[in-house]
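Beneath this line is the structure, given in structure tokens, with notes to follow.
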Amino acid sequence: MTSPDVLLAILAGALVGGGILLLVLALRGLPVKAAPVRGRSREEVVKSLTTRGAVAAGAGVAVLLFTRWPIAAIGTAALVLSWKGLAGGAAEERRGMVRLEALAAWTESLRDTIAGAVGLEQAIPSSLRAAAPVLQEPLRHLVDRLHTRVPMPEALRRFADEIDDPSADLVIAALVLNAKLRGPGLRDMLGALATSARAELDMRRRVEADRRSTRRSVKIVVGVSVGTALALAIFNHSYVEPYDDVLGQLVLCVVIALYAAGFLWLRRLAKFEMPSRFLTQTSQRPGVPGEVPNTVAGWQSNGVLRGRHTMDAGGGGPR
């Protein structure tokens, strides 16, 4: 048996290490969390968490009955609970690719509609019928705002906020510039932006395919490691008998913590970092209630879209 002095020394070392870690985090700070990704409804999330929680609790109880290791039971429950998102945010990346594909298709539809000598005010409602389901609701809100005489630039900026995607900002910024300047070249610009969105989508699909194989390998390694440890604890308990006492459980806790840190690191490496949006709503100016700040002039002067495509302010309509 381990003496109380040894256990006290281990606990004191853990407390000191945790204090140093918290001090480093306090000095360096933590990155700002991104906005939650819109996906499943709250009811579906609660149902999924409830089901996984029940399965995780059952697995933890089973491990506790077979091994008599409370740390292993807690670790097994946590592993089952987080198994779906192990080694990366695959679901978020898939939703992002679906949104990008829908945006590229909508841009192409808008370009083809404008090619028939139709103005932007008529082309946007016409594109609603053929839009992908992920864009149906934001587009419907955009059309409703246009029908209620909301100015086109303001309605488009609200549309960009609802989509909340940096790739959509490029397309919507081009539409805002055209709505203000009424110059030609919009059809060619939308075609180029759609081509760029398709190229980005192909790149992200190739990256996701590589990451999918990595996630599969990680899950196989974790399954084999955990399965081997549990099999030894059940069928050859004498081999893992040192983990039965308090000191062994503390060592097992360190091992599980190292595994968890490795999983979190892999998830961070596999996460697709989206660039920050530039088409965002800023605060209203004091003394002018309801006014939306004019940021389009700032984009034009800063050259956000210049160098990609240009628009001639002297023309009379979209080409």
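The values are calculated or read from the model by the stated rules, or taken from the named source; none is laboratory data. This one's a predicted model, so the numbers in the text were calculated from it and none came from an experiment. In this analysis, Cβ positions are derived from the backbone assuming ideal geometry, glycine residues included, and neighbour counts consider all displayed protein chains.
What the table shows:
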read-out	value
Test: residue in the range 136-152 that is under 22 Å from Arg277 (Cα atoms), out of contact with any Leu (no Cβ under 7 Å at 6 or more places or on another chain) and of a type in the set (S, T, N, Q)	yes
Enumeration of residues in the range 176-200 that are free of Cβ contacts under 8 Å to residues at least 60 places away in the same chain and in contact with a helix residue (DSSP H, G or I) (Cβ under 7 Å, 6 or more places away or on another chain)	Ala179
Residue within the range 63-86 that is under 30 Å from Leu190 (Cβ atoms) and not in a helix (DSSP H, G or I) present	no
Failed condition for Asp202, given (1) exposed (fewer than 12 other Cβ atoms within 10 Å of the Cβ); (2) touching a Leu at 6+ places or on another chain (Cβ under 8 Å); (3) within 17 Å of Val98 (Cα to Cα)	(2)
Unmet requirement for Gly185, which otherwise passes all of (1) out of contact with any Ser or Thr (no Cβ under 8 Å at 6 or more places or on another chain); (2) at positive phi	(1)
Selection from the range 218-247 of residues that are more than 21 Å from Leu269 (Cβ to Cβ), part of a helix (DSSP H, G or I) and not hydrophobic (A, V, I, L, M, F, W, C)	Gly227, Thr228, His237, Ser238, Tyr239, Glu241, Pro242, Tyr243, Asp244
Residue match in the range 143-155 (condition: in a helix (DSSP H, G or I) and either surrounded by fewer than 15 Cβ atoms within 10 Å (Cβ to Cβ) or in contact with a strand residue (DSSP E or B) (Cβ under 9 Å, 6 or more places away or on another chain) (or both))	yes
Qualifying residue in the range 90-98 (condition: modelled with pLDDT of 85 or more, in contact with a helix residue (DSSP H, G or I) (Cβ under 8 Å, 6 or more places away or on another chain) and farther than 22 Å from Val254 by Cα)	yes
Arg204 being out of contact with any strand residue (DSSP E or B) (no Cβ under 6 Å at 6 or more places or on another chain), more than 30 Å from Val80 (Cβ to Cβ) and among the basic types (Lys, Arg)	no
Number of the exception - Ile234 against (1) surrounded by 13 or more Cβ atoms within 10 Å (Cβ to Cβ); (2) touching a helix residue (DSSP H, G or I) at 6+ places or on another chain (Cβ under 8 Å); (3) not aromatic (Phe, Trp, Tyr)	(1)
Per-region count, the range 105-121, residues within 14 Å of Arg182 (Cα to Cα) and assigned to a helix (DSSP H, G or I)	3
